[in-house]
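The structure under discussion appears below in the form of structure tokens.
The values are calculated or read from the model by the stated rules, or taken from the named source; none is laboratory data. The structure displayed is predicted, hence computed values, not measured ones. Virtual Cβ from ideal backbone geometry, glycine too; neighbours counted across all protein chains shown. Ligands, DNA and RNA are excluded from the accessible area calculation, which covers all protein heavy atoms including side chains. Shrake-Rupley method; radii C 1.70, N 1.55, O 1.52, S 1.80 Å.
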Amino acid sequence: MRDSHAKDEQMRRELQRSRPENLGQVDMDTPTEVLERFLGVSEQRVAILARSYSKIVAAVLAPSIFGTTIGFLFYYYLTKVDYPTPGEGNTHAGWPKIPAVTVVLATLGGALSFLLVFQLTWAFGGWKSAKHWMGSTTALLKQLIVLLDTAGPDRADEELDALDSSCRWFCAAIVISLKGRPAEDETYREHDKEARRRVVRAHLRLGKHVESIKQLEQKEGKDITDVYGRAYCIHETLLLNYTDMKRLTTQKMPALLGGLTRYLTYAYVCLIFPLLLAYAFVMDLNDTQVDSEILWEHRRSHIFIVMYLASCLLASTYFVSLMECGRVLLNPVGWDATDVQLEDWFGPFIEDLVTLREARHEAG
């Protein structure tokens, strides 16, 4: 029991690092404690996620409600203004049927759907890659521990504990660096630089453990060149994974394609669709329907009003939601509600390291 406590204290001394919110100050915290401090208490995380949800909902509903309101005003205007009478380019009273209305709605709606699905597919590919690379990183770290442990089973516990701590720091540093501070944090740039330095330091420490295999080979005369090659490849892949995940945080759609998708979506949702849908409701009414003012003054008019508002709002919300989902997923590792929660990998990873450590001591 005393030996275990002494080893824990020694690991704490080996793991001293600077606090993420007090750069430059030395602290004795473990990677778990530093990561928990960086992420904040659960109430803070819930508040950040709640703000993220509210921003997404506001971004979706604002243009949808605006467009529906514009369309409903146009719907009211068309039902209350004097209808064209027969002989004014129309065979009967009421607004004439214009085939271009349905053609424009279908054509622009189809083109916009294609652009939005393409953007969402692009963004989802990055989100899926982030999950894959984070899972691959934790798996490679565990593989590296097992590989270096079996290569030198007679090494001191202090060396193996230091290897554990290096892997913990590397995993925690990746989470801190990629996740970044929330957008409202004014010290984000300074923190981001320190987080990247933390990743480099942790990576260099892992590199020293890999290079120690060469020293072991020279010291004990063992032929473990193949082990060194595999460890070196794992070490290189870890850095490549981090580089690929860091690239995901800055990826963007091509400017022309992204701008076209965004402006076409707003134009379609706020003007084109609501106005043309309103005209589609009033066009080609027969004389009886016009005389009874079936769309506004009739005792069943509320059915058509609700149909217009519901169909316009739902369709507009659908298009804007696709656009917002694609926009949010472009950075799959931030603080948004839809982002990959990188810290969810850290807890199981630490549990696996503890299991490996216990198994090593039992076998030792």
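Values computed for the structure shown
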quantity: Thr79 being over 23 Å from the mean Cα position of the chain (by Cα), open to solvent by 80 Å² or more (accessible area, probe 1.4 Å), at pLDDT 55 or above and among the polar types (S, T, N, Q); calculated: no
quantity: Region 308-347: number of residues that are without any contact (Cβ under 8 Å) to a residue 24 or more places away in the chain and in a helix (DSSP H, G or I); calculated: 5
quantity: Number of positions in region 234-262 that are part of a helix (DSSP H, G or I) and open to solvent by 20 Å² or more (accessible area, probe 1.4 Å); calculated: 15
quantity: Selection status of Arg189, open to solvent by 50 Å² or more (accessible area, probe 1.4 Å), in contact with a helix residue (DSSP H, G or I) (Cβ under 8 Å, 6 or more places away or on another chain) and either part of a helix (DSSP H, G or I) or modelled with pLDDT of 65 or more (or both); calculated: no
quantity: Extreme residue, farthest from Leu178 (Cα to Cα), among residues of region 330-355 that are among the aliphatic types (A, V, I, L, M), over 11 Å from the mean Cα position of the chain (by Cα) and surrounded by 17 or more Cβ atoms within 10 Å (Cβ to Cβ); calculated: Leu353
quantity: Test: residue in region 206-225 that is modelled with pLDDT of 70 or more, under 19 Å from Lys142 (Cα atoms), of a type in the set (A, V, I, L, M, F, W, C) and touching a helix residue (DSSP H, G or I) at 6+ places or on another chain (Cβ under 8 Å); calculated: yes
quantity: Tally, over region 263-297, of residues that are open to solvent by 60 Å² or more (accessible area, probe 1.4 Å) and either outside any helix (DSSP H, G or I) or within 22 Å of Ser113 (Cα to Cα) (or both); calculated: 8
quantity: Residues of region 245-289 satisfying the condition of being over 30 Å from Thr138 (Cβ atoms), under 35 Å from the mean Cα position of the chain (by Cα) and of a type in the set (Ser, Thr, Tyr); calculated: Thr261, Tyr263, Thr265, Tyr266, Tyr268
quantity: Hey, Pro348 touching an Asp or Glu at 6+ places or on another chain (Cβ under 9 Å) and either closer than 26 Å to Leu264 by Cα or not hydrophobic (A, V, I, L, M, F, W, C) (or both) or not; calculated: no
quantity: Single unsatisfied condition, Arg327 versus (1) over 19 Å from the mean Cα position of the chain (by Cα); (2) buried (at least 18 other Cβ atoms within 10 Å of the Cβ); calculated: (1)
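Residue by residue, here is whether (1) of a type in the set (A, V, I, L, M); (2) at pLDDT 80 or above; (3) farther than 24 Å from Ala58 by Cα holds:
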position	(1), (2), (3)
Leu264	yes, yes, no
Glu297	no, no, yes
Ser301	no, yes, yes
Phe319	no, yes, no
Pro348	no, yes, yes
Leu353	yes, no, yes
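Residues are listed down the side, and each one gets a yes or a no for (1) more than 23 Å from the chain's Cα centre (by Cα); (2) within 30 Å of Leu163 (Cβ to Cβ); (3) modelled with pLDDT of 85 or more:
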| site | (1), (2), (3) |
| --- | --- |
| Tyr83 | yes, no, no |
| Gly94 | yes, no, no |
| Val103 | yes, no, yes |
| Ala111 | yes, no, yes |
| Ala123 | no, no, yes |
